[in-house]
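Contents: one structure, followed by commentary.
The values are calculated or read from the model by the stated rules, or taken from the named source; none is laboratory data. These figures come from a predicted structure and were not determined experimentally. Cβ atoms come from the backbone with ideal geometry, glycine included; neighbour counts cover every protein chain shown.
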Amino acid sequence: DLMLPAGTVLGPREVGLLASLGAGRVRSRPRPRVVIISTGTELREPGGHLEYDSIFDGNSFMLAAAVRTVGAIAYRVGAVDDSPKAFRRMLSDQLVRADLVVTSGGISKGDHDVVKEALSPLGTVKFSEVAMQPGKPQGFGTVFDEQTPIITLPGNAVSAYVSFEVFVMPAIRRMMGLTPYRRPMVHAVLSADLQSPPGRRQYVRGVFEVTHRGAKVTPIGGAGSHLIGGLAKSNALIVVGEDETALNMGDTVRTLVLDRPF
């Protein structure tokens, strides 16, 4: 009889079963090692002192926690200044322990696009504007002789988290041999009206709950990509299609439930 199919996550119960069957070794995939790099001269470590032109680096901690939640190993690197040379040097030093690199910041249209400026000359990383909100600027490719995959995310916290859910998390799960790669969609009844820009797939933060009347989801947090307070209170992302500009209370919507197991 088949005891453990391919793709099974080996936890204590599974390891106990294998040992009781006399299996001295099994073929398995190691947990991917993911290096997380934030960029920005203005970033400071939490617990330190803020000046008028600085902010705390929340993205790298958030992304590291998200990586560990998926089941991979996270290596969080301190923030890199807005210097392409410093970024390339940091990136090169980190590749020895990286199966995947994830960056945040430095890819939008602005004065300090350090990631784009550092990686574009390589010709192996493509930067694009994706038809989604939040998370329009994105980048993906491989770097240096190691051809290590890299995913570059926006610097806004909400944009970075949504981008992780949409792009990074499925990539890590695929590296681990897990299915499904993407978080399953569920349907829920919308408890408030929603507006959405045309031509973009919008991911709206929301609170999902199941009542005696069925599943419902309530939008929270406002539309700004910087409003991380709403993200912390949410447990779902409401998915509004590119061709939908208005949804009404009572409509059934597609929802990604963030705390639900696969």
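Quick notes
- Segment 182-191 - residue that is surrounded by 14 or more Cβ atoms within 10 Å (Cβ to Cβ) and not in a strand (DSSP E or B) and, of those, farthest from the chain's Cα centre (by Cα): 191
- So residue 168, is it in contact with a Phe, Trp or Tyr (Cβ under 7 Å, 6 or more places away or on another chain) and either modelled with pLDDT of 95 or more or assigned to a helix (DSSP H, G or I) (or both): no
- Tally, over segment 74-123, of residues that are of a type in the set (Ser, Thr, Tyr) and surrounded by fewer than 15 Cβ atoms within 10 Å (Cβ to Cβ): 1
- Taking every residue in segment 216-227 that is in the same structural domain as residue 190 (by TED's automatic domain parsing) and pairing it with any residue that is of a type in the set (Asp, Glu) and at pLDDT 90 or above, at least 6 positions away or on another chain, yields no pair with a Cβ-Cβ distance below 6 Å.
- Helices (runs of 4 or more DSSP H) (entirely within segment 34-129) containing at least 2 residues that are of a type in the set (S, T, N, Q) and more than 16 Å from the chain's Cα centre (by Cα): 84-94
- Of all the criteria given as (1) loosely packed, with under 10 Cβ neighbours inside 10 Å; (2) assigned to a loop (DSSP other than H, G, I, E, B); (3) charged (D, E, K, R), the one not satisfied by residue 29 is (1).
- A single entry from 148, 179 fulfils the requirement of being hydroxyl-bearing (Ser, Thr, Tyr) and under 16 Å from residue 99 (Cβ atoms): 148.
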